[in-house]
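Asker: Mind looking over this structure? Questions follow.
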Amino acid sequence: MTAVSTRLLQLPKAELHLHIEGTLEPGLVFALARRNGVDLPYRDEAELRGKYSFNNLQSFLDLYYDCMAVLTTRQDFADLARSYYGKAREQGVRHVEMFFDPQAHVRRGVDFDDIVDGLNQAIAEAWTDHGISGGLILSFLRDEPLESAESVWDRAKERPERFIAVGLDSAEAGFPPARFGPIFAQARALGLNAVAHAGEEGPPSYIWEALDELNVDRIDHGIRALEDDDLVRRLVREAIPLTVCPLSNVRLGCVPDLASHRLPEMLAKGLVVTVNSDDPAYFGGYVGDNFVALDAAFGLDEATAARLARNSVLASFATSDRKNELMALVDSWEAQA
Ligand code: HPA
Ligand code: ZN
């Protein structure tokens, strides 16, 4: 490991775009399959890893949903998140806002409360054991019938304090956000924040729609905003954060390679860009690794790295006291240069 990589891994940062199911590493897939007596269609970890080559979002989602079959109990969800936090600590992560996809589990017969309580238990332990703050983002699958989202939402709204936000993910193209408007309005009325994946594979119009119809605080991905100058002006004017995931964009074929990623241009235009990992077990790196890869691709100077880390803190849903603490950590990282 080079001195620059070590330094970027130490940079204190918030991870705002992480699907906890996307942290399921092959070793854990097999360990949980053994524990739960689940038959896997792969002989071993090497064979599973051999499937990690994707041409688009859907080809990834197919494997992502298949591997989830090993997650069944409250303990499985707690162990999954605990295992993630072990990694997060080594990546300089101090705050995590974690997506989970309840519909993908409930449809397999898993109890909603087991998922939520297992994850929240690990989130509470991360604070006491590692000083990592954060919370859960309940994400709806946009490519499933609305009734499926509504039935999960009926369970969630009984105790909304278990979540920090609602989100929207899964196959994007052909699934515009607007029909989730009523659920998002209810979530906002209960005090939850809102985010949505938009402009990853889908067109810029889905970003407009997420802003206008879902009233989101942040856009996840949002890279295709660059195709629409009016949209870029609005995102800059309203300082809407974009949770960009560089290694994910390359692995899913949204950009040809990291050197052609337009993140530098997004920063130059004044967009509030953050760097995140999306599904790190599948895409070749956790959030610190994304910083290291960006540095290798186009040289990330210390000021830019610190700006990205500050954006992640300011774009988070942490309390203002916690944001001040995290900003001070970034300041002292920069002062150590
Ligand atoms: N996009 C949409 N849905 C997802 C993703 C993603 O990158 N990862 C997990 N679910
Ligand atoms: Zn995502």
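Every number here is computed from the coordinates shown, using simple stated rules; none is lab data. Not measured: the values here are computed from a predicted model. All Cβ positions, even for glycine, are placed from backbone atoms using ideal geometry, and neighbour counts span all protein chains on display.
Asker: Return the distance in nm (one decimal) between the two label points of a simple spin-label model at residue 75 and residue 334, each offset 7 Å from Cα along Cα→Cβ.
Answerer: Placing both labels 7 Å beyond Cα along the Cβ direction yields 4.7 nm.
Asker: Note down the nm distance, to one decimal, between modelled labels 7 Å out along Cα→Cβ at residue 106 and at residue 125.
Answerer: Distance between label points: 2.6 nm.
Asker: Take the alpha-carbon centre of the range 1-64, take the same for the range 153-200, and report the distance between them in whole Å.
Answerer: Using only Cα atoms, the two centres lie 25 Å from each other.
Asker: Based on the inverse mean of 1/r over its pairs of different Cα atoms, what is the Kirkwood hydrodynamic radius of the range 39-191, in Å?
Answerer: Working: mean 1/r = 0.0596 Å⁻¹.
So the Kirkwood estimate lands at 16.8 Å.
Asker: Which trypsin sites (Lys or Arg not before Pro) does the range 1-84 hold that lie in a coil by DSSP with at most 14 other beta carbons within 10 Å?
Answerer: For trypsin sites (Lys or Arg not before Pro) across the range 1-84 that sit outside H, G, I, E and B with at most 14 neighbouring Cβ atoms in 10 Å, the list reads 43.
Asker: Sticking with this one: Residue 3: net charge of surrounding residues, Cβ under 15 Å, Lys/Arg +1, Asp/Glu -1, itself excluded?
Answerer: Value of the local net charge: -2.
Asker: Got the relative contact order for the chain handy, in percent, Cα pairs under 8 Å and 6 or more residues apart?
Answerer: Working: 566 pairs, mean separation 70.7, N = 337.
Once divided by the residue count of the chain, the mean separation gives 21 percent.
Asker: Going by how many other Cβ atoms sit within 10 Å of their own, how do 116, 313 line up, fewest first?
Answerer: Ranked by crowding around the Cβ, least crowded first: 116, 313.
Asker: Oh, and also: When the distances between all Cα atoms of the range 3-335 are binned every 10 Å from zero, what whole-number percent does each bin get?
Answerer: The percentages, shortest bin first, are 6, 28, 37, 24, 5, 0.
Asker: Pull up the cross-link candidates among the lysines for residue 87, meaning alpha carbon to alpha carbon under 23 Å and not fewer than 8 places away within one chain.
Answerer: Partners found: 13, 51, 323.
Asker: Moving on to the next point. For a quick check: sort 317, 100 by the number of other beta carbons within 10 angstrom, fewest at the front. Provide the component values of the computation, followed by the final result.
Answerer: Working: 317 20, 100 23.
The fewest-first ordering by Cβ neighbours comes to 317, 100.
Asker: HN-Hα J couplings of the range 158-164 from phi, Karplus 6.51/-1.76/1.60, θ = phi - 60°, integer Hz, Gly and Pro as x?
Answerer: 4, 9, x, 5, 7, 10, 9
Asker: Of the chain, which part is the longest with no GluC sites (Glu not before Pro) in a loop (DSSP not H, G, I, E, B) and with at most 15 other C-beta atoms within 10 angstrom?
Answerer: Within the chain, the longest run free of exposed GluC sites (Glu not before Pro) spans 1-157.
Asker: Tell me the Kirkwood hydrodynamic radius of the range 150-239 in angstroms, computed as one over the mean inverse distance between distinct C-alpha pairs. Spell out each step's value before the answer.
Answerer: Values: mean 1/r = 0.0745 Å⁻¹.
Result for the range 150-239 stands at 13.4 Å.
Asker: On to the next question. How much net charge surrounds residue 141 when only other residues with a Cβ under 10 Å from its Cβ are counted (Lys, Arg +1; Asp, Glu -1)?
Answerer: Residues near residue 141 contribute -2 overall.
Asker: If each DSSP helix of 4+ residues adds -39,500 (n - 2.57) and the sum is divided by the residues in the chain, what number results at 222 nm, nearest 500 deg cm²/dmol? Before the final figure, lay out each step's value.
Answerer: Numbers: 17 runs with 172 residues, N = 337.
The per-residue figure over the chain is -15000 deg cm²/dmol.
Asker: I need 2, 23, 274 ordered by Cβ neighbour count within 10 Å, fewest first.
Answerer: By the 10 Å Cβ count, ascending: 2, 23, 274.
Asker: Using only Cα atoms, figure out Rg for the range 7-78 and give it as a multiple of 2.2 N^0.38 Å. Don't skip to the end; give the middle numbers.
Answerer: Numbers: Rg = 14.2 Å, N = 72, 2.2 N^0.38 = 11.2 Å.
Dividing the Cα radius of gyration by 2.2 N^0.38 Å gives 1.28.
Asker: Something else now. Each residue of the range 98-104 in order: what ³J(HN,Hα) in whole Hz does its phi give by Karplus 6.51 cos²θ - 1.76 cosθ + 1.60, θ = phi - 60°, with x for Gly and Pro?
Answerer: Rounded to whole hertz, the list is 9, 6, 9, 10, x, 4, 6.
Asker: What list of ³J(HN,Hα) couplings, whole Hz, do you get for the range 226-241 from phi and the Karplus terms 6.51, -1.76, 1.60, once you set θ to phi - 60° and write x for glycine and proline?
Answerer: These are the phi-based 3J(HN,Hα) values: 4, 7, 9, 4, 5, 5, 4, 4, 5, 4, 5, 4, 8, 6, 7, x Hz.
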